[in-house]
1. What ranking of Val161, Val63 emerges when the number of other C-beta atoms within 10 Å of each C-beta is taken as an exposure proxy, fewest first?
2. Counting only DSSP beta bridges with both residues in the chain, tell me the antiparallel percent, nearest 5.
3. Once you sort the root eigenvalues of the Cα gyration tensor of segment 1-80 as a ≥ b ≥ c, which label holds: rounded (a/c under 1.5), prolate (a/b larger than b/c) or oblate (the other case)?
4. Mind giving me the nanometre distance, one decimal, between the label points for Lys156 and Gln4, set 7 Å out from Cα along Cα→Cβ?
5. Once the Cα gyration tensor of segment 45-180 is found, what semi-axes does its equivalent ellipsoid get, as square roots of 5 times the eigenvalues, in whole Å, sorted largest first?
6. Hey, how much of the P(r) for segment 137-243 falls beyond 17 Å, as a percent of Cα pairs?
7. Along the Cα-to-C-beta direction of Glu13, a point sits 7 Å from the Cα; which residues of segment 70-91 have their amide N less than 18 Å from that point?
8. Report the Cα centroid-to-centroid distance between segment 189-210 and segment 107-162 in angstrom, as an integer.
Amino acid sequence: MSTQYDNVGVNYEDFKAQGKLPIIEKYTFFKLLGNIQGKHILDLACGSGFYSRLLKQEGAAKVIGIDISKEMVKVARSKENNNPVGNEYQVFDVATMPHLGDFDLATAVYLLNYAQNKEILIKMLSNIHRNLVDKGRFITITANPGFFINKSDLSKYGLKVVKQEAFSEGYNCEIEFLTDSPFNINVFQLHQSIYESAIKEAGFKNFSWHNMEIPPEAIKEYGEDYWQDFLENPCMIALSCSN
Ligand SMILES: C[S@@+](CC[C@H](N)C(=O)[O-])C[C@H]1O[C@@H](n2cnc3c(N)ncnc32)[C@H](O)[C@@H]1O
């Protein structure tokens with residue numbers, strides 16, 4: 001499987017280290033997860049394993065990372081080899097992923113925004129649902145259906161949305177990551193109604209949207225004004241699904 005992330009690897013790591021959006025993403029994600037001690041977690045769209053490693057280090061009993069890009073999985077595996085935390089990584093497209101086990105939690109920091117339409121979104125969510133135990137939860141961060149390209153400039157946070165083209169189920173967007181070697185990625189910003197019906201069709205009974213939160217330390221460090229452009233027009237949003 002060749003994907004748009006195959007040539008990105010180390011540059012994406014730069015974004016995680018230098019960009020300001022990961023500060024918000026990490027805080028909101030872990031706040032929603034709550035206590036993960038002893039949990040079995042399937043970390044989808046794991047990329048280079050940034051969150052897979054943190055999840056294990058924060059107390060998960062077992063973390064399996066999944067990504068469609070064999071190059072990203074190669075980076076994740078080499079990090080595991082160099083500094084083992086006990087994680088396993090496998091290459092799968094979540095839209096066609098088999099049953100890999102019964103997990104307490106599935107996580108995905110940026111996966112659903114690669115579903116180009118409702119049909120693919122339902123396939124991803126159904127495969128996630130069948131990999132969870134009865135009381136399992138799916139916690140994810142995805143493209144905010146309410147984001148508008150012309151409302152604010154997000155460059156100071158490490159990325160720029162350079163295209164937002166409407167189609168019947170949402171928008172096709174292009175994002176430029178402003179790292180030392182900038183790179184562009186295409187994502188899909190599907191409508192909120194498409195998400196909500198796909199979640200139900202996939203078998204989840206409950207879901208809730210959560211606005212991204214700025215950690216108090218980041219407000220202290222950068223000042224409240226610095227975050228206003230993001231808060232007025234957040235490009236991402238969190239979602240929690242359960243039975
Ligand atoms: C923005 S990166 C996020 C990586 C990681 N979650 C993080 O936050 O550092 C998105 C990842 O999603 C992966 N991806 C895209 N579509 C996918 C799919 N259908 N199935 C599995 N992984 C996918 C990409 O290869 C890429 O590594």
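1. Least crowded to most crowded, the residues run Val161, Val63.
2. Here the share of antiparallel DSSP bridges comes out near 60 percent.
3. The shape class here is oblate.
4. 2.7 nm
5. For segment 45-180, the semi-axes come out at 28, 20, 13 Å.
6. 60 percent
7. Within reach of a label on Glu13, which here means backbone N under 18 Å from a point 7 Å along Cα→Cβ, segment 70-91 contributes 70-90.
8. The distance from the Cα centre of segment 189-210 to that of segment 107-162 comes to 11 Å.
Every read-out reported here was derived from the displayed coordinates using simple, explicitly stated rules and does not represent laboratory data. It should be emphasised that the depicted structure is a prediction, and the values quoted were computed from it without experimental measurement. All Cβ positions, even for glycine, are placed from backbone atoms using ideal geometry, and neighbour counts span all protein chains on display.
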